[in-house]
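The values are calculated or read from the model by the stated rules, or taken from the named source; none is laboratory data. Everything numeric here is computed off the predicted structure, so don't read it as measured data. Cβ placement follows ideal geometry from the backbone for every residue including glycine, while neighbour counts extend to all protein chains displayed. Please note that ligands, DNA and RNA were not included when accessible areas were found on the heavy atoms of the full protein model with its side chains. Shrake-Rupley method; radii C 1.70, N 1.55, O 1.52, S 1.80 Å.
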Amino acid sequence: MQSITLLGATGSIGESTLDVIARHPDKYSVFALTGHQQLEKLALQCQRFQPQFTVVNDAKSAAQLQIMLAANNTKTEVLYGTEALCQVASAAQVDGVMAAIVGAAGLVPTMAAVKAGKKILLANKESLVMAGGLFMDAVKASGSELLPIDSEHNAIFQCLPANYEQAETNGISKLLLSASGGPFRGWSAEQMAVVTPDQACAHPNWSMGRKISVDSASLMNKGLELIEACWLFAVTPSQIEVVVHPQSVIHSLVQYVDGSVLAQLGNPDMRTPIAYGLAWPDRMDAGVAELDLFDIARLDFERADLVNFPCLQLASDAAAAGGDAPAILNAANEIAVQAFLDGRIGFTQIAEVVDNTLSGLELGEPDSLDAVQESDKKARSHSAAYITGIES
Ligand code: NDP
Ligand code: MG
């Protein structure tokens, strides 16, 4: 029986994880569930899964949740704040942690789980983007098992040899990172300038939270994933090629020096990588329908359009620049995406905000989590000020 803490239980990945866990009550129990604004959903999850602890962000939410839990007779203890998130991520009773908080808020609790040597199911790509070097060093030092949940990285992980150390010594020439192209594939910048948040969030293949949906539409998500892949698999941006594949059936590929290319295929359903991460190195039922190749009939591939989707190039440049450039990119993007969702800026201005923030700040080499958070803060205030300046 494995005891699991779920950071970000009320989100899209959180719900899919609970769906998989519920199919295997003999294998997994829930130690803690955390949420932020969706308190009613969190209360229902606690009632159903009976975790020992639940964590929210502040005292007021904790008091509200406490009343909801008492009303449905749930004994789960309510905690709040970042320190409590770290406690439930690192507690001695916990075997595995699903890191599924969205954005920079996931960094500190995920790192707490890493430092405690837990098995990490990593959905929160932003923590690797912000602090990849520190993160991977901590994984090595604590002996954590790090299992990528992001579907592309999970696919690559599945296609790598079990003894994988680095591309060169394992006969790998390239990682091919799949991208659906998002809802605006083939669109011009002029067309995208006037899209609404709901259009940007209407992903053709995947159902996800709003932040990652906007990132998928701008291809910033692919940029963040490129940085994520560099850290996870010890490669440089030049060893990764983005392949736009609109059907989202091939989740990514690994090209070997002998001409072989291995790919992982499946229906676009996050329960597959989640079940893989939970059961690794075994396999178990994820509740996902079998892939029907005859129904799919054809698979298409094209190059990414870096001119109309500048976010991918910005991320690739930030990866090459290193230091705190990726953390700055990530922070500026979070602020810009929120401003777009709030109707304050246009979709194509997201890239403009990120570009202006990266070129307006001096880059540093953060050597601690505090230093990373300092870069994050600096980038947030720069981009917020820039948005106020351009707001229409
Ligand atoms: P959602 O927006 O659906 O869920 C985010 C979760 O984080 C919710 O539980 C939310 O709580 C919680 N949360 C939000 N802000 C904070 C905060 N400041 N402090 C603490 N908790 C917070 O996101 P997704 O599930 O889509 O994505 C989660 C992560 O997984 C992201 O990093 C994303 O990039 C990654 N990912 C997601 C994929 C997907 O298919 N959805 C695919 C690959 C990666 P509440 O809702 O209660 O406010
Ligand atoms: Mg992905």
Note to self: Filter the stretch 10-67 down to the residues that are open to solvent by less than 40 Å² (accessible area, probe 1.4 Å), in contact (Cβ under 8 Å) with a residue 60 or more places away in the chain and small (Gly, Ala, Ser) and list them by number.
What the structure shows: Gly11, Gly14, Ser16, Ala32
Item checked: Members of the stretch 81-103 found to be farther than 12 Å from Gly35 by Cα and either part of a loop (DSSP other than H, G, I, E, B) or modelled with pLDDT under 95 (or both), listed by number -> Ala91, Ala92, Gln93, Val94, Asp95, Gly103
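Yes/no per residue for (1) more than 10 Å from ligand 1 (Cβ to nearest atom); (2) out of contact with any Ser or Thr (no Cβ under 7 Å at 6 or more places or on another chain); (3) of a type in the set (D, E, K, R); (4) under 30 Å from Ser368 (Cα atoms):
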residue: Gln38; (1), (2), (3), (4): no, no, no, no
residue: Leu44; (1), (2), (3), (4): yes, yes, no, no
residue: Asn57; (1), (2), (3), (4): no, yes, no, yes
residue: Gln66; (1), (2), (3), (4): yes, yes, no, no
residue: Thr76; (1), (2), (3), (4): yes, no, no, no
residue: Leu85; (1), (2), (3), (4): no, no, no, yes
residue: Gly106; (1), (2), (3), (4): no, no, no, yes
Checklist line | Number of the exception - Ser213 against (1) of a type outside the set (A, V, I, L, M); (2) within 12 Å of ligand 2 (Cβ to nearest atom); (3) free of Cβ contacts under 8 Å to residues at least 40 places away in the same chain; (4) open to solvent by 10 Å² or more (accessible area, probe 1.4 Å) | finding: (4)
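The rows are residues; the columns are (1) in a helix (DSSP H, G or I); (2) within 13 Å of Ala339 (Cβ to Cβ); (3) outside the structural domain of Leu128 (by TED's automatic domain parsing).
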position	(1), (2), (3)
Glu352	yes, yes, yes
Asp355	yes, no, yes
Glu362	no, no, yes
Asp367	no, no, yes
Val372	yes, no, yes
Ala379	yes, no, yes
Ala385	yes, yes, yes
Notebook entry, point to check: If you scan the stretch 127-152, which residues turn out to be touching a residue at least 60 places away in the same chain (Cβ under 8 Å) and either near ligand 1 (Cβ under 9 Å from one of its atoms) or not in a helix (DSSP H, G or I) (or both)?
Noted result: Glu145, Leu146, Leu147, Pro148, Ile149, Asp150, Ser151, Glu152
Item checked: Selection within the stretch 171-207 - within 16 Å of ligand 1 (Cβ to nearest atom) and open to solvent by 50 Å² or more (accessible area, probe 1.4 Å) -> Asp198, Ala202, Pro204, Ser207
Item checked: Residue pairs meeting the criteria (Cβ under 6 Å; at least 6 apart or on separate chains; first surrounded by fewer than 19 Cβ atoms within 10 Å (Cβ to Cβ), in the stretch 77-89; second hydrophobic (A, V, I, L, M, F, W, C)) -> Glu77/Phe53; Leu79/Phe53; Leu79/Val55; Thr82/Val108
Notebook entry, point to check: In the stretch 111-126, which residues are within 10 Å of ligand 1 (Cβ to nearest atom) and assigned to a helix (DSSP H, G or I)?
Noted result: Lys125, Glu126
Notebook entry, point to check: What number of residues within the stretch 233-247 satisfy the criterion of being buried (at least 20 other Cβ atoms within 10 Å of the Cβ) and either assigned by TED's automatic domain parsing to the domain that holds Leu18 or touching a Ser or Thr at 6+ places or on another chain (Cβ under 7 Å) (or both)?
Noted result: 1
